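Have a look at the structure below before the remarks.
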Amino acid sequence: MRGLQGKCAIVTGAAKGIGKGIARRLAAEGTHVLVADILAEEAEATAAAIRSEFGVTAVAYTIDLTKNEEIEAMMAFAHDLFGSIDILVCNAGVTIHNWATDYPVETIDFVLNIDLRAHYLCARTAARYMKEQPSKGNVVCISSVNSTIYHSKRSLYNISKAGINGMVGTLGVEWARFGIRVNAVAPGYVGTDLVNDLVAEGKLDLTNNMQVIPMKRLIEVEEIANTVAFLASDEASGITAQTIFVDGGWSKDALPEEKDIL
Ligand SMILES: NC(=O)c1ccc[n+]([C@@H]2O[C@H](COP(=O)([O-])OP(=O)(O)OC[C@H]3O[C@@H](n4cnc5c(N)ncnc54)[C@H](O)[C@@H]3O)[C@@H](O)[C@H]2O)c1
């Protein structure tokens, strides 16, 4: 894709799952990557694999995204390392299920901090560098199908993801004047640890979901990564402030297939 070769990207939550797939996809285009995650060993393993497979600079960076001082330090580190921050992918996320009436306040702060506040802090800190550099910059956040369709006992996650859609809208509008594009990708369910652990714990029954997913399948990590790479590339030069759903049509479907032809 045009405009990715030789660029420098930070991908948060890149040790495993969707973030790892995004870091690999960008590296395949010749983009250098900072593999940022709270899991130090897994991040180092991912960075090492990317270096040997794609021959780009790939550096692991250990960070707790709930801490603003660590976010500011990471951006300074990446800027020193690469000389610019061309692409920021805010991907790290968590989910903890409970009734809204029963979440401890500490859990509310924890989930909202990672799933929404960290995206905002990372984006605005990166933008301070991006708007001053000739190459300007590009931010892509990972939202979810659950930003617009909701299931019970997931209110913190759903609120955060709805907030991300609003965030890329408002920052996309505000930062177009600085040459910075801001978009989100909203995945349907992907077979990562996040989903597999919920299934194993009996907190998610995918057969229910499949009834209202037109494509009747999970989304592949590569399908998310392809869309992120597209949005970060010059191929998407006219797109900003948007959320692109990669969800097999799920967010548009209201009824199980056999019930919508009566
Ligand atoms: N898997 C899905 O079906 C699905 C669907 C829609 C959206 N998403 C979103 O995609 C993103 C990635 O999800 P995934 O499925 O790959 O999950 P995952 O659990 O496999 O990976 C999440 C990564 O984020 C990291 N992380 C968590 N807290 C962190 C913190 N405080 N600081 C730094 N890193 C931290 C984890 O260590 C992990 O490597 C999330 O934002 C998630 O909400 C996932």
Worksheet entry | Expected 222 nm ellipticity per residue - DSSP helices of 4 or more, -39500 (n - 2.57), all of the chain, to 500 | -13000 deg cm²/dmol
Worksheet item: Taking 1 over the mean of 1/r across every pair of different Cα atoms in segment 66-171, what Kirkwood radius in Å do you get?
Response: 14.7 Å
Fill in: Compactness of the chain as Cα Rg over 2.2 N^0.38 Å, two decimals
0.98
Worksheet, complete the sentence: Computed over the chain: longest principal axis from alpha-carbon atoms vs helix 221-232 long axis, angle to nearest 10 degrees, is 50 degrees
Worksheet entry | Dipole magnitude of segment 83-184 about its Cα centre (Cβ charges: Lys, Arg +1; Asp, Glu -1), debye to nearest 20 | 320 debye
Practice prompt. Might you work out the accessible area of residue 116 for me, using a 1.4 Å probe with all protein chains in place, and round it to the nearest 10 Å²?
Written response: 50 Å²
Worksheet item: In the chain, which longest range has no GluC sites (Glu not before Pro) that are both DSSP loop (not H, G, I, E or B) and surrounded by at most 16 other Cβ atoms within 10 Å?
Response: 1-131
Worksheet entry | Backbone N within segment 1-35 under 18 Å of label point (7 Å from residue 69 Cα along the Cβ vector) | none
Worksheet item: How much of residue 90 can a 1.4 Å solvent probe reach, expressed as accessible area in Å² and rounded to 10?
Response: 0 Å²
Worksheet item: Computed from the mean reciprocal separation of all distinct C-alpha pairs, what Kirkwood hydrodynamic radius does segment 20-112 have, in Å?
Response: 14.7 Å
Worksheet entry | Under 17 Å from residue 161, Cα to Cα: aspartates and glutamates that are on another chain or at least 8 residues apart | 109, 115, 247
Fill in: trypsin sites (Lys or Arg not before Pro) restricted to segment 191-262 and DSSP loop, no more than 16 other C-beta within 10 Å
203, 216, 217
Worksheet entry | 3J(HN,Hα) from dihedral phi, segment 113-123, Karplus parametrisation 6.51/-1.76/1.60, rounded to Hz, x for glycine, proline | 4, 6, 7, 10, 4, 5, 4, 5, 5, 4, 4
Discussion item. Tell me which trypsin sites (Lys or Arg not before Pro) from segment 1-93 have a DSSP coil assignment and no more than 12 other beta carbons within 10 Å of their own.
Written reply: 2
Worksheet item: Where nothing but the Cβ of Lys and Arg (+1) and of Asp and Glu (-1) is charged, how large is the charge dipole of segment 111-262 around its Cα centre, in debye to the nearest 20?
Response: 720 debye
Worksheet item: Given the convex hull over the Cα atoms of segment 154-262, what projected area results after averaging over all orientations, in nm²?
Response: 8.5 nm²
Worksheet item: Considering the chain, which cysteines have no disulfide-compatible partner, defined as another cysteine with its Cβ under 4.7 Å away?
Response: 8, 122
Discussion item. Quick check on my link table: of 131/252; 67/131; 16/216; 136/252; 131/153, which ones sit more than 30 Å apart, alpha carbon to alpha carbon?
Written reply: 131/252; 136/252; 131/153
Worksheet item: By how many nm would the segment from residue 124 to residue 239 lengthen if fully extended, with 0.36 nm per residue of separation less the alpha-carbon distance?
Response: 39.5 nm
Fill in: Options 207, 250, 141, ranked by Cα towards positive dipole end of segment 115-262, top entry (Cβ charges)
141
Discussion item. Suppose every Lys and Arg Cβ carries +1 and every Asp and Glu Cβ carries -1, with no other charges. What dipole size does the chain come out with about its Cα centre, to the nearest 20 debye?
Written reply: 700 debye
Worksheet item: Hey, rough spin-label estimate for residue 177 and residue 211, points 7 angstrom out along Cα→Cβ, what's it come to in nanometres?
Response: 5.0 nm
Worksheet, complete the sentence: At the level of C-alpha centres, the distance separating segment 218-262 and segment 20-43, in angstrom, is 22 Å
Worksheet item: For residue 196 and residue 255 in the same chain, what is the full-extension length gain: residue separation times 0.36 nm, less their Cα-Cα distance, in nm?
Response: 18.8 nm
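The values are calculated or read from the model by the stated rules, or taken from the named source; none is laboratory data. Small disclaimer: the values here were computed from a predicted structure and weren't measured. Positions of Cβ are backbone-derived with ideal geometry, glycine not excepted, and every protein chain shown enters the neighbour counts. These area figures cover heavy atoms from the full protein model, side chains too; ligands, DNA and RNA do not enter into them. Shrake-Rupley method; radii C 1.70, N 1.55, O 1.52, S 1.80 Å.
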